[in-house]
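Each value in this text was obtained by applying a stated rule to the coordinates, not by laboratory testing. On a predicted model such as this, the values are computed, not experimentally measured, just so you know. Cβ sites come from the backbone with ideal geometry, for glycine too, and all protein chains shown count toward neighbours.
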Amino acid sequence: MSLYEGLLAVHILAVVLWVGGAAMLLILFTKLSKINDGPTIGKLGNIAGELGEKYFMPLSIVVLASGVWMVLDSGRGFERLWIVFGLLGIVATIVIGAGFLGPGGKKLDALVSEKGPGTPEVLAQQEKMMTLSRLDLAILILIVLNMAIKPGA
Ligand code: HEM
């Protein structure tokens, strides 16, 4: 196996764990909010906040580092459209994840404990988290498509 093939395998594995994890969290939040299980939503918000630091952030660093290394190893250059889209996308999703989803999940749990499940403040925070999670997942899926199709390759 060449260095490039090894990096590609690591890149794709980290992408699978990242995108799969984000999709599963969104599915769980959606199911719990449909059955109105406020306390569990609060706990899941807290777990999601923790996962942001301990699971999603390390994976995003692996994806970024392996991607940049492959570009350097192949001598392609960073100005290609699909690589620019990849870089912009990963920055956007790291900002959404670390800046809003992580702290937002912990805030949701704190609000549930303080105000009680199903209160207007809690529901507003829940809705905000779900909208941001959908946006984050949509960006991730667009980057996967971008990487597979490689526009302007
Ligand atoms: C969330 C961000 C990212 C996702 C979801 C993602 C996803 C993928 C996927 C699914 C592939 C396999 C497609 C294929 O080989 O045909 C791939 C390949 C690749 N990605 Fe990424 N990627 C991301 C970020 C990046 C970044 C930031 C860079 C570079 C700066 C990058 C560089 C590459 C390269 C060089 C390949 C190999 C393409 C090839 O050998 O044909 N990726 N990526």
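Straight-line cross-link reach from K106 at under 26 Å between alpha-carbon atoms covers these lysines, not counting any fewer than eight positions away in the same chain: K31, K34, K43, K54, K115, K128. Applying the Karplus relation 6.51 cos²θ - 1.76 cosθ + 1.60 with θ = phi - 60° to the stretch 125-135 yields 3J(HN,Hα) values of 5, 4, 4, 4, 5, 5, 5, 5, 5, 5, 4 Hz, where x marks Gly and Pro.
How about the stretch 39-107: which GluC sites (Glu not before Pro) there lie in a loop by DSSP and see at most 12 other Cβ atoms within 10 Å?
Values: sites: E50, E53, E79; in loops: E79.
Answer in residue order: E79.
Loop-resident trypsin sites (Lys or Arg not before Pro) (DSSP state other than H, G, I, E or B) in the stretch 49-84 with no more than 13 further Cβ atoms inside 10 Å of their Cβ: R76.
Can you pull a Stokes-Einstein diffusion coefficient for the chain at 25 °C (0.890 mPa s), Rh from Kirkwood over Cα pairs, as a whole number of µm²/s? Intermediate values should be presented prior to the final figure.
Numbers: Rh = 16.5 Å.
Approximately 149 µm²/s, per Stokes-Einstein.
Mind telling me which of G49, G20, G77 comes out most flexible in a GNM of the chain, alpha-carbon contacts under 10 Å? It is G77.
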